[in-house]
1. How far is it, in nm, from the label point at residue 303 to the one at residue 155 when both lie 7 Å from their Cα along the line to the Cβ?
2. If each residue of separation counts as 0.36 nm, what is the full-extension length gain between residue 136 and residue 217 once their alpha-carbon separation is subtracted?
3. Check cross-link reach from residue 13 to the aspartates and glutamates: straight Cα distance under 12 Å, and skip same-chain residues fewer than eight apart.
4. Tell me, what is the FRET efficiency for residue 189 and residue 324 to the nearest 0.05, using R0 = 41 angstrom and their Cβ-Cβ distance as r?
5. Distance in nm between label sites at residue 88 and residue 65, each 7 Å beyond Cα in the beta-carbon direction?
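Values in this text are rule-based calculations from the coordinates and carry no lab data. Given the structure is predicted, the values throughout are model-derived calculations rather than measurements. Cβ placement follows ideal geometry from the backbone for every residue including glycine, while neighbour counts extend to all protein chains displayed.
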Amino acid sequence: MSDPVLKVENLTKHYPVHRGILRRQIGSVQAMTDVSFEVARGETLAVVGESGCGKSTMGRTVLRLIEPTSGRISLEGQNVTDMPRPELREMRRRMQIIFQDPYGSLNPRMTVRETLAEPLLLHGVTDRAGLDDRIDEVLSLSGLSSFHAERYPHEFSGGQRQRVGIARALATRPGLIVCDEPVSALDVSLQAQIVNLLQKLQRDFGLAYVFISHDLSVVRHIADRVAVMYLGRFVEQAPVETLFSRPLHPYTRSLIKRVPLPDPTRIRDETPARGDVPSALSPPSGCAFHPRCPMATDLCKEVRPESRAIGETFVACHHAEQQLEARVVAPVERKTLARRLAVLEKAGKIAQTPTNTKNHKAGNTR
Ligand code: SF4
């Protein structure tokens, strides 16, 4: 990748946990550990995972809204990890964030004009003489009109408020925008409008996006590459179509299987991850996913898998190669396959042949 806008190396954020009168440290919440990635100009890296897996912590740490425990962050070639506050303020102009809840992120006592004027003047993007023109420009770019500048946040619909959030992020002419679940609070038609707007702005200004989401349908639409996060670590990174067509990590597979199917005659492959996400205060030994993984072995319980390249994919799983072998079908998947065959037979889409029955009993899927 040539000159990434954002380069993150081994970024870690652990929160110490204290107890007692003496406030002794008794452990730490491992919100994010050893996260590394790059994002190029005009590229979208989506970060997906269940709630509480560390996605938002990662997004805020990248922008230094949260101070990292260790690691390195480079924005447009400059190391911002330890950058002093005055210099960091200048760099903040180049990195912005769009929040999930636009209402919560806007000051209810400020008009849109005041909300947009604040970063423009603070970062010296324009002087007072050029302020109104720049405000009108970013409102127009975000699909709003000049008269919206005099309104307060409560006077907007959810979709319009998110457009105000986009206008605010856009105002300082950033190179990088962290989009933290920007459409998850909106209904489906508004989601499509906001996603299309983000894509247009990216094309027009070469913006780099880190797009945080738990919605894989949206991610498939907007992302160039996808990173899957589990308990604060990236477990798989790949170009978007590679990840969806050939997921190598069992956790990725379980996330993809939860995406709604448009065809009612299809049965969902029910091999989801078992149970809940473990506590980040005491992650499981070895592979942190092993208590929920249908493919876990003794090795998984003892040794944490390192991330390694398989083709275009980086994956942290001892048994990732098995996902490539179409003949290998986990026992739970065989049951699903049997149910799928039964539905297809019932619907008359395949003949009810002894061969199918025989193959099913033998666990032969080919
Ligand atoms: Fe499952 Fe083992 Fe791979 Fe972890 S390393 S995802 S437990 S197969």
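1. 6.5
2. Stretched out fully, the residue 136 to residue 217 stretch lengthens by 25.9 nm.
3. 34, 67
4. Efficiency, rounded to the nearest 0.05: 0.60.
5. It works out to 1.4 nm between the two label points.
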